[in-house]
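S.K.: This structure is in structure tokens; I'll ask about it shortly.
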Amino acid sequence: MNKREVVWLIVRLIGLYLSYLGIVALFSLVSAIWTIASMPTAPKSSETEANRIMPEQPAGSPGITQPASTPRTPARPQDPASDAAKRAAFMEILWYVFLTLLQGGIGIYFLFWGGILFNLLNREDKPGEVREREPESILLNLSD
């Protein structure tokens, strides 16, 4: 095998590895979505002030007035631990979306094209060495 074939193989193997990492990140993304979907909602208490039902009093009872009917809205207690867990799960989903797109995209690029990395690895000159350019001549020297 010559250098060109070895570099081609290295670029393809890097692409295969990054594609594999993208697939693993995809499975982790599905797991993170499942985690946030299965989180319990805020606990519902049947004995909160808004849900308490007052017994009806007879209209003609002396000394008892009927309370004014107001629309009742159920009070939803805020649980800071639950909110923090949901926020962390959402950030985890965003992280796995980023990893899936980045690793999968770069891996597919290296598998099918990979020209940038191939040219970088396949160059012949040393990084610190400056190659002298041959002067370009626009005149034909036909005197020889």
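The values are calculated or read from the model by the stated rules, or taken from the named source; none is laboratory data. What you are looking at is a predicted structure, and each value in this text was computed from that prediction instead of being measured. Every residue, glycine as well, gets a Cβ built from its backbone with ideal geometry; the counts of neighbours run over all protein chains shown.
S.K.: Scan the stretch 18-28 and give yes if some residue there is aliphatic (A, V, I, L, M) and either at pLDDT below 60 or at positive phi (or both), otherwise no.
M.R.: no
S.K.: Right, another one. Quick check on my filter: what residues within the stretch 77-111 are surrounded by 16 or more Cβ atoms within 10 Å (Cβ to Cβ) and of a type in the set (S, T, N, Q)?
M.R.: Passing the criteria: T100, Q103.
S.K.: Moving on. Identify the single condition in (1) surrounded by 11 or more Cβ atoms within 10 Å (Cβ to Cβ); (2) modelled with pLDDT of 60 or more; (3) not in a helix (DSSP H, G or I) that M1 does not satisfy, given that it satisfies every other one.
M.R.: (1)
S.K.: Here's a follow-up. Quick check on my filter: what residues within the stretch 113-128 are part of a helix (DSSP H, G or I) and free of Cβ contacts under 8 Å to residues at least 12 places away in the same chain?
M.R.: If the condition is that a residue be part of a helix (DSSP H, G or I) and free of Cβ contacts under 8 Å to residues at least 12 places away in the same chain, then G115, I116, N119, L120 are the ones that fit.
S.K.: Take the conditions modelled with pLDDT under 60, over 30 Å from G114 (Cβ atoms) and either within 40 Å of the chain's Cα centre (by Cα) or loosely packed, with under 10 Cβ neighbours inside 10 Å (or both) and apply them to M39. Does it pass?
M.R.: no
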